[in-house]
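A short worksheet on the structure shown next.
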Amino acid sequence: MVVTAAVLTTLLKDPLTKALGWTFSEALKGSRNQKIEKSLESLSKRITDVIKVKTFYQIDESIDLHRFYVPTRVNDVSINIDTVSKIDSKSIVLEGTVGQGKSIFMRYLTYQEAQQGQKVPIFFELRRLENSQSLEEAITSTISNWIPFFSEENFDKVAQSGHLVLFLDGFDEIPHERIQNIINEIEGWCVRYPKMQLIISARPESEIQKSTYFKTYKLSSYTLPEQDKLIEKLIPNRETQYVLKKAIKNSSTQIKYLLKTPLMVTLFVMQYKATLAIPENQSEFYENLFYSLILRHDNTKAGFRRQLNSGLDVSTLQGLFEEFCFITKNSEKLVLSKPETVRMISDCLTSQEIQNSTENILKDFSTVVCLLLKDGLEYSFIHRSIQDYFYSSYINKKSEKAKKEFYKACLQNERFSNKVDNVLSFLERSDTYNYNKFFYIPIIDQYINFYQINYNDNTIIDNIYLFNSSDKNINYLTVIHMDETVSLSSKFTSIYISPLMRDISKSVSPTSNNSSYAMSSDTSLKIQGEPLKKHVHETLATEIYKKSIDAGNAILQARTDFQNYIVKKDGLNIDYGKFK
């Protein structure tokens, strides 16, 4: 049910009265009471605005998310989720992959929470944090924009009361150098304000998920029912709905795997509307994306092709956009001011020796292709994955020498590698040869050298340690897989090391009373811990050793398989002598 700002104004009076002692009464006609009433109306209006968004599908105007929202499912929660309490009553992290609809879900829950009339919900995008601003300053400043006399003292009161719930969206969009300070501040809140509920959205393996103050809930991937419902929301024509639903059911495994998120289903629909064709695989899906987005404006006009504002051909404009994505991501910019946007487009034009207007290029990016969203005085990518894909496309078109330098940087700089993790996922599919040759095989070699892996022999077991944490209920079981020369690859670890660690965690019973385990990659803990072998019975140690041998052998086999792939790609069976 959608309610008006006027209804929300009434609903929010009770929690604000309990939290701040504010009085709402017709008998009180003083100026302060009138200011409170007016401010409450402003707050209610802002909360109703939370559900008005510009979407990738309809970029021209903000629309109510209920027009396209398909109820989000959460793993381990079997009931329909229409309030936060259906998930948990404590502070939580909502984990979702790229394009899985985390932000839409957060906005939906914010609005639903307001309708309960029990707490004041505040939605805040963490990408809006200013450089030196604390999170408390940012939240207080945000609320004070709606309630002019709201102060840090008011924040303290409402947070202590338990009548405030904060929805902090996009933890993965916080600049790397600020992450630890923000975590410290959030955990400080958890100690000072135990009644305040925090809902944080994040991508997998985000640092906030390591905090013991939060339980993580994973958003479920789309299945056919969700895909069908979203298609029905996006496409009014029943015949077209039927064609798309049938196409998904009959599509290749690659396409079915791709359409696990709302964003990908939306792109699938947009591509079909533009080309009336169904992509056969992932490569075809992404390769045609830019052109399809331009065509979608003109698919109802036979024989007509829109003239781009820049006058450029599509491939040239796409080349500029790819470099723009490369520059902005390397600058850690997902949201840009107008001057920043114009300057970076100008840099791309100069780099590619193209004479054109930066303003016209910007119009093409934002109003024709619609991959940049204009939001007030700023421009932002419609989604991070768009920036990542076209960044990967830019790398994919470079020379082998340039690619080798890029992959080398990923190997040698952990922070850079983490930043371009999704870019690497795209390149694994589109630049498979160079990805394996210059990136993945060197990672395998590093692990083989570090763990001294030979067939049926390695030192993995010697690098498993048990740690006591400050939390008496938790021990950290960790495998040391990094030193000054070894790159940390989360993907490699998840395939070969994490399953081993999970098996060990299930079977190990340390001498202490602790029974809970968590993984850690903090190599500094090594000096504080003791080898796991000191804590297990000889029989169990033998079992763990066998598991580590299996893991080592799997790594050696992977090395052989990838090398064989390279050799096969390098071969070309032509008898040139026949042509003499």
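Rule-based calculations on the coordinates, nothing more; no lab input. In this text the structure is predicted, and so the values were computed from the model without any measurement. No Cβ is skipped: glycine too gets one built from the backbone with ideal geometry, and neighbour counts run over all protein chains shown.
Where a Cα-Cα gap under 14 Å defines reach, which aspartates and glutamates qualify for residue 157, not counting those fewer than 8 residues away within the same chain?
Straight-distance partners of residue 157: 136.
What FRET efficiency comes out for residue 570 versus residue 144 if R0 is 56 angstrom and r is the Cβ-Cβ distance? Round to the nearest 0.05.
In this case the efficiency is close to 0.30.
Hey, which of these cross-link pairs are over 22 Å Cα-Cα: 363/401; 119/233; 86/119; 52/273?
363/401; 119/233; 52/273
Give the long-range amide H neighbours of residue 125: residues separated by 5 or more places, or on another chain, with amide H under 5 Å away, using H modelled in the peptide plane at 1.01 Å from N.
Under 5 Å from the amide H of residue 125 lie the amide H atoms of 169, each far enough along the sequence or on another chain.
In debye to the nearest 20, how big a dipole does the stretch 204-284 give about its Cα centre with +1 on each Lys and Arg Cβ and -1 on each Asp and Glu Cβ?
240 debye
Given the peptides 343-352, 164-173, 192-201, arrange them by the average over their residues of other C-beta atoms within 10 Å, most packed first.
In decreasing order of mean packing, 343-352, 164-173, 192-201 become 164-173, 192-201, 343-352.
Work out from phi, with θ = phi - 60° and the Karplus expression 6.51 cos²θ - 1.76 cosθ + 1.60, the ³J(HN,Hα) of each residue of the stretch 37-53, listed in order in whole Hz, and give x for Gly and Pro.
With the stated coefficients, the stretch 37-53 comes to 4, 5, 5, 5, 4, 5, 4, 4, 5, 5, 5, 5, 5, 4, 8, 9, 9 Hz.
Give the long-range amide H neighbours of residue 120: residues separated by 5 or more places, or on another chain, with amide H under 5 Å away, using H modelled in the peptide plane at 1.01 Å from N.
When sequence neighbours closer than 5 places are left aside, the close amide H contacts are 164, 165.
Can you tell me the order of 97-103, 212-218 when each peptide is scored by its average per-residue count of other Cβ atoms within 10 angstrom, highest first?
97-103, 212-218
Relative contact order, percent, of the stretch 75-152 when contacts are C-alpha pairs under 8 Å separated by at least 6 residues?
17 percent
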